[in-house]
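The values are calculated or read from the model by the stated rules, or taken from the named source; none is laboratory data. For clarity, every value in this text was computed on a predicted model and none was experimentally measured. Here Cβ is always computed from backbone atoms with ideal geometry, including for glycine, and neighbour counts include all displayed protein chains. Side chains included, ligands, DNA and RNA excluded: accessible areas come from the protein's heavy atoms. Shrake-Rupley method; radii C 1.70, N 1.55, O 1.52, S 1.80 Å.
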Amino acid sequence: VGFQKILTLTYVDKLIDDVHKEFRDKYRNEFQQKGTLGLLNGTFDFKDDFLRLLRDAEESSKVRAPTVMKTFEQSQKSQKTVKCMIETRGEKPKEKVKNKKNKGSKKEGTEAVAAASKVSTGDKQPSTAGDKEELTRDEILQKNREEFFKKHMKAGEKSSRSPKPEAQKEKGKKPRVWDLGNSNAKVLDYSNSATNGSGEACPVEEFDPDMALGDRNREPGRLYDLEYESDDEAEEEKVIQNPSKPSAKKGGLGGMFGMLKGLVGSKSLTREDMDPILEKMKDHLIAKNVAAEIAVQLCESVAKKLEGKVMGTFTTVTSTVKQALQEALVQILQPQRRLDVLRDVMDAQRQRRPYVVTFCGVNGVGKSTNLAKISFWLIENGFSVLIAACDTFRAGAVEQLRTHTRRLNALHPPESHGGRTMVQLYEKGYGKDAAGIAMEAISYARNQGFDVVLVDTAGRMQDNAPLMMALAKLIAVNAPDLVLFVGEALVGNEAVDQLVKFNKALADHSMAQTPRLIDGIVLTKFDTIDDKVGAAISMTYITSKPIVFVGTGQTYCDLRSLNAKAVVAALMKA
């Protein structure tokens, strides 16, 4: 059995099965009476039976006759005649005829070959006169085939030549004209446009509201918390549902030893006790997208907190370390100062000024999409919104916001709000100074009585110094009430680099003595990461700023507030 690769024995599998059945049947009663301990103390005389089964297996393998190779007479090659293998001069090979591209010629060729093969195989002992007769038939077939090819080739040339005069008439490439496009660059300049703030600029669009809203049973204006069911809750439910099931696998002694394993008693925890567990916890956090540097710092802080602590009698080191890490993570996700946007908007209303929010972040994280979601949430809470299109660089940025404005107005038409348009777009086209557009939009909102101004900015990489300087200028000049960094939940170590460099750029390029930094975070694409929620920990740990909004989908209702316990439960899931 051990050397099957060296000595191939075909009967080994059958022998093992026979031995197993024979041994089981012979000592079945003894097993049932004495139990498992009978296997250790009992003696079994099975040598003769084994040798008998071995002989039977060897004999059965010899009975099988070896496979015999076919003779030449039995093969298909012997059926072929010499004549069918001879090629006549001037005749094309049969395979080439079959591989013609023209379908008609292919069909005709295969019929001809079939006819020729029938003639050749029909007479096995032909005479000399028969040979001449068959050759003349082949020549006739060849001549007919060539004439057939010529006819089809001429017909193909005629059909291919016929559309050429039309193609010559339509020479030259014509530029494609799009429905909403215009080649004139002046059309893209909205500096002298008088449409900003008017209802005609954003006509009501008809579309399916279910596609934009998603859940129709939700409470309007409410920002729901993230939901996540941890494994501990699921295990508790299983225990409650099956309280009467005894553990059949574990015996009395085994269960007791399992309980006592890993218990520390009343001794104090040392670093040596915690190091193996903390190493596993660190790898687990990194696997869940927590930045490596932050995972190390978290484990280090937990170790310092627990070192020297006296454990309870029935408490394991693993459970203690895990509990301490969970508490530290929840504390990170719940900063000391929590942002209440609705309360701050009402405070600004009492001061008769608009509440200004600026969105910033790297390219492609979802700034414009989540700005539209936040607009919808504010409108449902009764606040009017002015969107400032300050992304004057990305192609289609203004048109994207214009589409969102039309759809939001379709969901909340002026008729439902006493004739007041709840959301409008302030735009000045492309290639303009973003800080100047934001200043004009804020002034326009103050004059027109808007409650909130949402400033959309262009995406920029944290290493691009000129663009970071322009962002710092926009924030310093307009002094928004809230600066939100939009980051996606898919990143790991990159989240730390982005936030650190954005804050550093805002501090370096600010003209004020106390520079304005990031106030909060919008975490997007949270529905794409399953339980790899480490980016939330990385962002809040490095900035000590709260995650204000969480984007969880594509509809306007897919906006949530952060639930720290739900995120930690997902993070600690094995």
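Count charges around residue 358 for me, please; just the other residues with Cβ under 11 Å from its Cβ, Lys/Arg as +1, Asp/Glu as -1. That sum, taken over residues with Cβ under 11 Å, equals -1. The packing ranking of peptides 407-414, 481-488, highest mean first, is 481-488, 407-414, where packing means the average number of other beta carbon atoms within 10 angstrom of each residue. Ligands, DNA and RNA left out, the accessible area of region 341-572 computed with a 1.4 Å probe is 50% carbon and sulfur.
Take 364-374, 326-336 and order them by the average number of nearby Cβ atoms within 10 Å per residue, most first; the result is 364-374, 326-336. Listed peptides 15-21, 528-534, 539-545 appear in the order 539-545, 528-534, 15-21 once ranked by packing, highest mean of other Cβ atoms within 10 Å at the front. Within the shell of other residues whose beta carbon sits under 12 angstrom from the beta carbon of residue 373, the net charge comes to +1, with Lys and Arg scored +1 and Asp and Glu -1. Between residue 420 and residue 27, the contour length at 0.36 nm per residue exceeds the alpha carbon distance by 132.3 nm. Surface composition of region 269-333: carbon plus sulfur atoms hold 54% of the accessible area, using a 1.4 angstrom probe and ignoring ligands, DNA and RNA.
Pairs of lysines 8 or more apart, or on different chains, with alpha carbons under 18 Å: count those in region 269-333, would you? Count of close lysine pairs: 11.
Projecting the Cα atoms of 319, 286, 356 onto the charge dipole of region 266-378 (Cβ charges, centred on the Cα centre) puts 356 farthest toward the positive pole.
Solvent-accessible surface of region 489-548, averaged per residue with a 1.4 angstrom probe and all protein chains in place: 42 square angstrom.
The length gained by stretching the chain between residue 72 and residue 514 to full extension, at 0.36 nm per residue less their Cα-Cα distance, is 149.3 nm.
The calculated FRET efficiency for the pair residue 440 and residue 300, based on their C-beta separation and a Förster distance of 51 Å, comes to about 0.55. Only Cα pairs under 8 Å and 6+ residues apart enter the sum, and on that basis the relative contact order of region 269-333 stands at 44 percent. What net charge do the residues around residue 472 carry, taking every other residue with its C-beta under 15 Å from that of residue 472, with Lys and Arg at +1 and Asp and Glu at -1? In short, +1. Surface exposure of region 269-333, expressed per residue as accessible area with a 1.4 Å probe, stands at 51 Å². As an exercise, use a Förster radius of 41 Å and the Cβ-Cβ distance of residue 352 and residue 410 to find the FRET efficiency, rounded to the nearest 0.05. Efficiency, from the Cβ-Cβ distance: 0.85.
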